[in-house]
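Only one structure is covered here, and it is reproduced in the block below.
Every read-out reported here was derived from the displayed coordinates using simple, explicitly stated rules and does not represent laboratory data. Here the structure is a predicted model, which is why all the values come from computation and not from measurement. Cβ placement follows ideal geometry from the backbone for every residue including glycine, while neighbour counts extend to all protein chains displayed.
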Amino acid sequence: MEYSSKKLEKQWQEYWAKNRSFEPSEDFTKKKKYILSMFPFPSGRLHMGHVRNYTLSDAFARYYRQQGFNVLHPIGFDSFGMPAENAAIKNGSHPKTWTYSNIDYMKGEFKSLGFSFSKERELATSDELYTKFEQGFIIDMYEKGLLYRKKGFLNWCPSCNTVLANEQVIDGTCWRCDTSVVKKDMNQYYFKITHYGDELLSDLSKLEGGWPKQVLTMQENWIGKSNGLEFRFSFDEVSLGRLNSKFDGFDVFTTRPDTIYGVSYAAIAPEHEIVSYMIQNSLLDDSVREQIESMKNASSIERQKEKSGVALNLHVVHPLTKKSVPVWVANFVLMDYGSGAVMAVPAHDERDFDFAQKYDLPIHAVIKPFNSESDDTKAFTEIGELFSSESFNGLNSKDAQAKIIEHFEMLKIGTKKINFKLKDWGVSRQRYWGAPIPFVHCDDCGLVMEKKENLPIALPEDIVITGEGNPLDKHPTWKHCKCPTCAKDALRETDTMDTFVESSWYFLRFCASPKNWEDEAFSREQIEYWMSVDHYIGGIEHAILHLLYARFFTKVFRDLGYISFDEPFDRLLTQGMVLKDGAKMSKSKGNTVDPDAIIEKYGADTARLFILFAAPPTQELEWNDSAVEGAYRFIKRFYERSSNITKTESIPSIDHASLSKEEQFARKKVYEALVRAQDVYNEKYTFNTMIAGVMEAMNALNAQSNSAIWSEGYWILASIMEPVIPHVCSEISSRYFSLKNLTSQRVLEEVFVENVITLGVSINGKARTEIEVAVDASSEDVIKIAKESAAKWLEGKTIVKEIVVPKKLVNLVIKD
RNA sequence: GCGGAUGUGGUGAAAUGGCAGACACGCUAGACUUAGGAUCUAGUGCCGUAAGGUGUGGAGGUUCAAGUCCUCUCAUCCGCACCA
């Protein structure tokens, strides 16, 4: 009975492959579970984060198969994206070759880890078949008005040579390469995700309980809904003249209409159209123009460092007081939020205050704290009581906000307005290795979409990748085509799509039966059966990007009539990072552990056991070589001690009352482990405690030698552990139980029944001693025994209170 | 600044308000031994020979009883951040 992970694991992996053990059934009358882990980018090799991710989903998938569910547990590759192109630049490999050979290698790794993925549903998002349906959806979305093209100031990563969506800019830098992002004025395609802003926000409540609170909060903040007042500042006569009457004013948005009487200037973004007009028409002094240009050109990080601005020598009229208000250009005003212009109330806004101080602008306080006087050395930004606000004096901020909005609406000079921080999702990328956006530019017809029958618009393979410019644009022939409408010579769109588009619907594609893959993206019947995903498992780093986009696509597909539910993922489990020496594993830090090396040395079961045992799934996992050894030793013991089992086709029946104390204890521990396992799989997901329970049971089994109890113990323990360490458990199960124990197990309550129980005795809440009493002993008897046992501490004291907690402890409260 | 999380032995971590430290790693001692990074046995929060004391970041509070509930506070981590 020597344990050899290599031999045993290979043998079972082949058995599973031969028997198609993990292919879902197409019998839609069965109860189902859809277990999904976030699919990987095919970077070349799996890392420990992947192993953790897929070990978790595999444990769920295997557990539910045991429970008789029809389980969909698919995997694929998010295979478009820049690393393929970067590798091409570096090694001269073709992105396609590089990608697909990586995929082949990683599939081998999946197999050697024993993951129970459906082999027949494996896909790569760079497959032409996937692109075909995706482009079809893009056309649908365009027709629905959910995709549009416009010119705008975009986040541009000078290192990746491409634009980035808002969500992809982290702290002013590129999410992928950390390069500081600059703003660039160019055309690009957008998904109208803002159309769903309200629903994306309100449906978060449907996910409560199923999703981590943290993720819900992050999404809520990202969507950033705020209520306020929008009104228009009108220019005075002189300013109108200076602007050749081109603009009569500009809109501003505020969430603090209660501070309206404190306005002392207006600030507009350097990118504002009024500013652009003044520059183009030479209406500004050179020095002013230069200052504005330098604000515009600053990187977003630079721009956040210090507030700066310049007066435009324009004035607007305060909508209520009719006083003249100067207009400034300010670098802290964002063009892409609200209307790109604000009313500035330095007394009650920190940013406005800082700016006013720097440029010596007036500060008018109009709100004071409820119970104290104003402090004019800093901005008072909380709510308070209004003063110097004409008829609104004495109101509190909250009431005043409503009243002032009402007042504006009555005068028809402003409206209540809801603003979102969420912006439309810019999806075009100026790169080769992505799905082409299926549009054509025609001189006569303008922007025309491709016909669905021409899909997919596939990438050309003869491509030169240098890292400069867009390879599709530079390709000699690819972009030349005929206009789908008028058949004249036209040009293809050479931008490709953000790879987050592929991951926004892959979970739907997995529902499709592979035999229909050629004909349809998915069928309604299949979707209705499999969706939504019961357990979705992946990294917290996707809390905003991927999960928000996938939710958006789900709502779009619903409105396109393809599906009929609102949210794709019922339950989300966000796993913690895998660390080594206290830091995230990374090549640059040289602290990586290669999964292949672990499998080679100890086997897949050891890797899986360690990963689930070392920490609860949501917590960070510190890699520890000697703890891995420990996991290995446990498996070895588990395997070798199975020689104590007698072969059986059913769980042995045992007369509990006739057993010795050790034997009864062993049974109790086994069934305790089972109860715990059921809790863990169904709600707690703390596999570490489940495994600890199994270890306790093993220790208890080992303290006795009754063969029937060993058999019963393994019947249950091998079943509990199969989702975690499937190879060794399958081996034991097939050798002794003909695989019949790998099903749901019944808890035998009788093993928990005890005649004599141990109670703790504490004095004044401090644990002192223990007593053994009959399980049905009365409280009086229990107290009596407790007093005898604790006599030593009671001498010369008065007992003032006696508490008996049934089956737990006795607490005696004493005083001198 | 705003939002969220976490804080327990040498380490990873357990504990429906009911005997803190389960389980494991490590360490110590011992056994066996073909001397091995194997296996087995015992021990292991801290102080103390012991009795006992003490102990879950810190300070208060509620309770017969608090790691757990409440208030304040400190530290670390994560997310967002000039969002008007």
Mean Cβ-within-10 Å packing, highest first, puts peptides A:177-183, A:443-449 in the order A:177-183, A:443-449
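Quick one: work out the % antiparallel among DSSP beta bridges in the range A:704-816, nearest 5. Walk me through the intermediate numbers first.
Details: 15 of 19 bridges.
Within the range A:704-816, antiparallel bridges account for around 80 percent of the total.
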Chain A: antiparallel bridges as % of DSSP beta bridges, rounded to 5, reads 75 percent
Over its alpha-carbon atoms, the range A:754-815 yields an Rg and a Dmax in Å of 10.8, 36
One point scatterer per Cα, no solvent, Debye formula: log10 I(q)/I(0) for the range A:1-142 at q = 0.13, 0.15, 0.16 Å⁻¹ comes out as -0.70, -0.88, -0.97
Expressed to one decimal in nm², the mean projection of the alpha carbon convex hull of the range A:613-676 is 6.7 nm²
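Which trypsin sites (Lys or Arg not before Pro) in the range A:382-418 sit in a loop by DSSP (not H, G, I, E or B) and have at most 12 other Cβ atoms within 10 Å of their own Cβ?
When the trypsin sites (Lys or Arg not before Pro) of the range A:382-418 are filtered for loop state and at most 12 Cβ neighbours within 10 Å, A:LYS412 remain.
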Kirkwood Rh for the range A:109-163 from C-alpha pairs, in Å, is 15.3 Å
Projected area averaged over all directions for the convex hull of the alpha carbon atoms of chain A, nm², comes out at 47.0 nm²
For the A:TYR148, A:LYS482 Cβ pair and Förster radius 30 Å, calculated FRET efficiency rounded to 0.05 is 0.80
Projected onto their principal axes, the Cα atoms of the range A:624-748 stretch, largest extent first, over whole-Å spans of 44, 29, 26
With Cα coordinates, the longest principal axis of chain A makes an angle with the long axis of helix A:82-91, in degrees rounded to 10, of 90 degrees
One finds the C-alpha centres of the range A:231-294 and the range A:532-605 to be spaced, in Å, by 46 Å
Compactness summary of the range A:523-648: radius of gyration and Dmax from Cα atoms, Å, are 20.6, 61
Computed on Cα atoms only, the convex hull of the range A:372-490 has an orientation-averaged projected area in nm² of 16.0 nm²
Here the alpha-carbon Rg of the range A:658-704 over 2.2 N^0.38 Å rounds to 1.21
Percent antiparallel among DSSP beta bridges confined to the range A:499-650, rounded to 5, stands at 20 percent
Stokes-Einstein D for the range A:225-420 (4 °C, 1.567 mPa s, Kirkwood Rh from Cα pairs), in µm²/s, comes to 75 µm²/s
Rounded to the nearest 10 degrees, the helix A:48-66 long axis (Cα) sits at an angle to the longest Cα principal axis of chain A of 60 degrees
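Find, among the trypsin sites (Lys or Arg not before Pro) in the range A:599-692, those assigned to loop by DSSP (not H, G, I, E, B) with at most 13 other beta-carbon atoms within 10 angstrom.
Values: sites: A:LYS601, A:ARG608, A:ARG633, A:LYS636, A:ARG637, A:ARG641, A:LYS647, A:LYS661, A:ARG667, A:LYS668, A:LYS669, A:ARG676, A:LYS684; in loops: A:LYS647.
Qualifying residues, ordered by number: A:LYS647.
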For the range A:731-784 the trypsin sites (Lys or Arg not before Pro) that pass both the DSSP coil test and the at-most-16 other-Cβ-within-10 Å test are A:LYS740, A:ARG746
Nearest 10, in degrees from 0 to 90: the angle of helix A:687-702 to the longest Cα principal axis of chain A is 10 degrees
With -39,500 (n - 2.57) per DSSP H segment of 4 or more residues and division by the full residue count of chain A, the 222 nm estimate, nearest 500 deg cm²/dmol, is -11000 deg cm²/dmol
At q = 0.10, 0.18 Å⁻¹, the log10 of I(q)/I(0) for the range A:657-816 from a Debye sum over equal Cα scatterers comes to -0.52, -1.02
